[in-house]
1. Using a 10 Å cut-off around each Cβ, can you sort Tyr244, Tyr120, Tyr210 from fewest to most neighbouring Cβ atoms?
2. Provide Cys216, Cys102 in ascending order of the number of other Cβ atoms located within 10 Å of each residue's Cβ, fewest first.
3. What does the C-alpha gyration tensor say about the overall shape of segment 3-147? Classify as rounded when a/c is under 1.5, otherwise prolate if a/b is larger than b/c, or oblate.
4. Listed highest first by mean packing, meaning other Cβ atoms within 10 Å per residue, what order do 157-164, 245-252, 84-91 come in?
5. Could you sort the peptides 72-82, 190-200 by per-residue average Cβ neighbour count (10 Å cutoff), highest mean leading?
6. As an exercise, use a Förster radius of 25 Å and the Cβ-Cβ distance of Gln185 and Arg272 to find the FRET efficiency, rounded to the nearest 0.05.
7. Provide Leu215, Leu176, Leu8, Leu138 in ascending order of the number of other Cβ atoms located within 10 Å of each residue's Cβ, fewest first.
8. Determine the sum of side-chain charges near Gly249: Lys and Arg each +1, Asp and Glu each -1, restricted to other residues whose C-beta is under 12 angstrom from that of Gly249.
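Nothing in this text is a laboratory measurement; each read-out follows from the coordinates by a stated rule. These numbers come from a predicted model, not from an experiment. Here the Cβ is made from the backbone with ideal geometry for all residues, glycine too, and neighbour counts use every protein chain on show.
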Amino acid sequence: MDVDLLQLLETARDTAVSTGSLIRQKWNQPREIKSKGFRDVVTDTDMAAQKLITDAIRAQFPAHGFLTEEDDDDLPTDGPVIWVIDPVDGTTNFSREVPTFCVSIAAVSNTGRVLAGAVYDPMRQELFSAARGQGAWLSDQSGQRRPLAVSLVDEFSEALWALDWSRQQALRQSALAILNVLAPQVNDVRAIGAAALALSWLAAGRIDGYINFQLCPWDLAAASLLIHEAGGQLSHLDGQDWRYSTHDGGCVGSNGRLHKRILSQIIPISERSH
Ligand code: IPD
Ligand code: CA
Ligand code: CA
């Protein structure tokens, strides 16, 4: 494929950071919040952020396609590379002034390989990024960049796990079932409320595992590459290695050392929910 990975990476990074600045400017302003469905809201900032991202990428790569969380009929859907975008992951947090959310941008080949990705946390000004086969990095507020690596924790009793809630009632029951098994075994469990950011923290070794019973491709695309390049593992709920698809689905991620054990606990629960 005739694409320059590092050019994709640079575009993902620059666009994520400039979108983060826009979101920071909007942080202290009143939010326009609309319901999109059950337990699902969107704000004017999500829409403005998505427009900024897609305009910037289209200016640079006019032949590329898009898969975005917010509907936009003007965007092309096909191309040699598809940009998979969540302009604000953690909208409920953002809408309630909980300062934990991120921008997630991934460049995916039209054969479904995630090529480059960036996740930016506007409030902490942290940029997580990766290019396939080249590594993953965290750039902090001062601009210092270091490689990302998952934790070395290999005991459940030491593990800091995160789990986010699905919107659907039945899947919340599955989450409760795994919590019932997990919570007594691990050090602690968090609900971060921004899947892409939680998975970036997993890639950075800040947490050791992550579970979500239902996510969309834009929640996972960029972060999946961070985890892969940082030495972690990401699976579908049936235990298969995670592969990009345009379908929704759950995921379980870990530092790799805890993976077999969490899969043995989650697969039976996930099977019961089908
Ligand atoms: C949501 C967040 C949340 C997860 C939901 C996602 P959004 O994304 O990532 O942590 O549990 O399933 O939909 O709607 O804030 O972009
Ligand atoms: Ca999301
Ligand atoms: Ca979103």
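1. Details: Tyr244 19, Tyr120 29, Tyr210 25.
Going from sparsest to densest Cβ surroundings: Tyr244, Tyr210, Tyr120.
2. With the fewest neighbours first, Cys216, Cys102 line up as Cys216, Cys102.
3. Working: a/c = 2.01, a/b = 1.23, b/c = 1.64.
Oblate is the answer for segment 3-147, as a/c is 1.5 or above yet b/c matches or exceeds a/b.
4. Values: 157-164: 18.9, 245-252: 16.2, 84-91: 28.1.
Top to bottom by mean Cβ count within 10 Å: 84-91, 157-164, 245-252.
5. 190-200, 72-82
6. Numbers: r = 19 Å, r/R0 = 0.78.
Efficiency, from the Cβ-Cβ distance: 0.80.
7. Leu176, Leu215, Leu138, Leu8
8. Around Gly249, the charge tally is -2.
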